[in-house]
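Below: one structure, written as structure tokens.
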Amino acid sequence: MDLRGNGAILLISCYELGHQPYGVAHPSGYLNRAGYSPAALDIAVEGWDVAAVQAARFIGISVPMHTALRLGLKVIQRIREVNPDGIVCCYGLYASLNATYLLSQGADYCVGGESEAPMLDLVRTLESDSTSTVSGVIGPGQQAATCLERLPFAVPARDTLPQLDRYAHLESAGETRVAGYTEASRGCLYGCTHCPIPPVYGRRFFVVPIETVLADVRQQVAQGATHITFGDPDFLNGPGHALRVVDTMHQEFPNLTFDFTAKVEHLLKPSARLEHFAAAGCLFIVTAVESLNDKVLEILDKGHTCQDAVTAIQRVRQTGIAPRPTWVPFTPWETLEGFQQLLVWIETEDLIDYIDPVQYAIRLLIPPGSWLAQHPACLPYLGKLDEAALSYQWTHPDPRMDVLQREVARRVADDAAAAVDPAATFYRVQEIAHGRPLSNVARGFSSDRIRPPRLTESWFC
């Protein structure tokens, strides 16, 4: 099988949080370095390219997150309609977790973890027409351990992807700017029970060499980026590495701003060096608070308490960096009163403009392999694995909470589609939670106010 011609390998991104997909760019660079010439397709931006799919002999589908996985299943079906003989390989964080179902739906192979090396080995094996099994690759009748070996990272290849200005932008100080996206590390040292990363990486993480990160930043700056999002699961898993990356980047691009994600507990440590990050151009930090309920935080093994979260957010704000806390407000252990109190706290702490409305509707997702699926606190509420839904089903002990979640989700989606002011959406959600009109709806929010720095693509999984 000849896989070295232009377009013989096609890597497809379904969705990557509105960013130019690193999940295609880095594997493309990895394959380029080995002498291949993969084509790239981002269906979130470019739509469906029948000709490219028909021309490909090996098609990789990037599934780094739940939404991408759901879209990826539809992509597999469409591939089979126009290219039934093509080899389909799903790769990324959610590929190994859902391998059995993906194979049943038309995928030929699945690769998780540090997927680039096994996928390259698979390509070489197919090219040689060998029937040998490939380490780290799951196929029909073939199980494999997830590859967790350190990669010789390549510079991501972005030249075959749409330009950065077609992706999520930064909104800051009333301006809209082109934003880039890269990774300085992969995996995570921690074991949050609801997170899909620990079942795959087993509390391991790998740093990307600084020179590779900077090479990627340079090419995105050349495309017009004036802001960089670091997509690491936790940028401060290796605080020394993070500081060196930021310092090197700031020295070369002193006007380039950035954001990153970090655990609450990391933001409380001296090693966080928040003032240093602020001086180097950090505009905001995403942190997974998830809940203000200490019982929920303990079950999720977040490593912080409600008071820790309050302190961390205050500390971030004191440095001039905008906090952007994320939430999972609907879990089996949260109460109606707790949800109402969360909304009151958000308003009291003047955080309404710091939270995208989709956060008010997030319902706990329990994917296959989730550590939470084995947690004693979860078992009373857990149903069977719904492979088609790509998650375990669960029911709240208070039926009002399931109804509330659906109502909030509808309101958030409808308001987003109608471009309703997020502050107005907040107060509408608050009214839904209390079951009655409130007198303070949207009080004090002008439509032309300057909101804190944010990306134009709302976060969801």
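Just a yes or no: is a residue in the stretch 283-306 small (G, A, S) and touching a helix residue (DSSP H, G or I) at 6+ places or on another chain (Cβ under 7 Å)? Yes, the stretch 283-306 contains a residue that is small (G, A, S) and touching a helix residue (DSSP H, G or I) at 6+ places or on another chain (Cβ under 7 Å). Taking the stretch 114-135 as the range and being at pLDDT 95 or above and in a loop (DSSP other than H, G, I, E, B) as the test, the residues that pass are E114, S115. Screening the stretch 382-420 for residues that are part of a strand (DSSP E or B) and touching a residue at least 60 places away in the same chain (Cβ under 8 Å) and picking the one that is nearest to W371 (Cα to Cα) gives S391. Report yes if some residue within the stretch 232-251 is surrounded by fewer than 16 Cβ atoms within 10 Å (Cβ to Cβ), out of contact with any His (no Cβ under 9 Å at 6 or more places or on another chain) and closer than 30 Å to D308 by Cβ; otherwise report no. Yes, the stretch 232-251 contains at least one residue that is surrounded by fewer than 16 Cβ atoms within 10 Å (Cβ to Cβ), out of contact with any His (no Cβ under 9 Å at 6 or more places or on another chain) and closer than 30 Å to D308 by Cβ.
Screening the stretch 1-113 for strands (runs of 3 or more DSSP E) wholly inside it with 2 or more residues that are free of Cβ contacts under 8 Å to residues at least 40 places away in the same chain returns the ranges 87-91, 109-111.
Here is a yes/no grid of residues against (1) outside the structural domain of T226 (by TED's automatic domain parsing); (2) surrounded by fewer than 19 Cβ atoms within 10 Å (Cβ to Cβ); (3) in contact with a Phe, Trp or Tyr (Cβ under 6 Å, 6 or more places away or on another chain):
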| residue | (1), (2), (3) |
| --- | --- |
| C147 | yes, no, no |
| P152 | yes, yes, no |
| T176 | no, yes, no |
| G191 | no, yes, no |
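Within the stretch 409-419, restricting attention to residues that are surrounded by 16 or more Cβ atoms within 10 Å (Cβ to Cβ) and more than 22 Å from the chain's Cα centre (by Cα), the residue that is nearest to D448 (Cα to Cα) is D415. When we screen T287, T248 for residues that are of a type in the set (S, T, N, Q) and closer than 16 Å to I210 by Cα, the only hit is T248. Residues in the stretch 346-379 that are farther than 27 Å from R411 by Cβ, assigned to a helix (DSSP H, G or I) and free of Cβ contacts under 8 Å to residues at least 24 places away in the same chain: A373, Q374, L379.
For the stretch 238-255, give me each residue that is within 23 Å of the chain's Cα centre (by Cα) and in a loop (DSSP other than H, G, I, E, B). G238 - this is the single residue of the stretch 238-255 that is within 23 Å of the chain's Cα centre (by Cα) and in a loop (DSSP other than H, G, I, E, B). Of the residues making up the stretch 74-98, those that are closer than 17 Å to P140 by Cα and either crowded, with 24+ Cβ neighbours inside 10 Å or under 19 Å from the mean Cα position of the chain (by Cα) (or both) are V88, C89, C90, Y91, A95, S96, L97, N98.
Can you tell me which of R451, R400, R436 is assigned by TED's automatic domain parsing to the domain that holds S291, basic (K, R) and at pLDDT 95 or above?
Details: R451 fails: at pLDDT 95 or above; R436 fails: at pLDDT 95 or above.
Every option except R400 fails the conditions.
So that you can scan it fast, the table gives a plain yes or no per residue for (1) of a type in the set (A, V, I, L, M); (2) surrounded by 21 or more Cβ atoms within 10 Å (Cβ to Cβ):
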residue: V289; (1), (2): yes, yes
residue: L300; (1), (2): yes, yes
residue: T311; (1), (2): no, no
residue: E337; (1), (2): no, no
residue: P357; (1), (2): no, yes
residue: S370; (1), (2): no, yes
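Condition check for N255 on (1) buried (at least 18 other Cβ atoms within 10 Å of the Cβ); (2) in contact with a Gly (Cβ under 8 Å, 6 or more places away or on another chain): one failure, at (1). Selection of the stretch 57-73 for residues being among the β-branched types (V, I, T), crowded, with 24+ Cβ neighbours inside 10 Å and under 22 Å from G18 (Cβ atoms) yields I61, V63.
The values are calculated or read from the model by the stated rules, or taken from the named source; none is laboratory data. In this text, all values refer to a predicted model and were calculated from it rather than measured experimentally. Cβ atoms come from the backbone with ideal geometry, glycine included; neighbour counts cover every protein chain shown.
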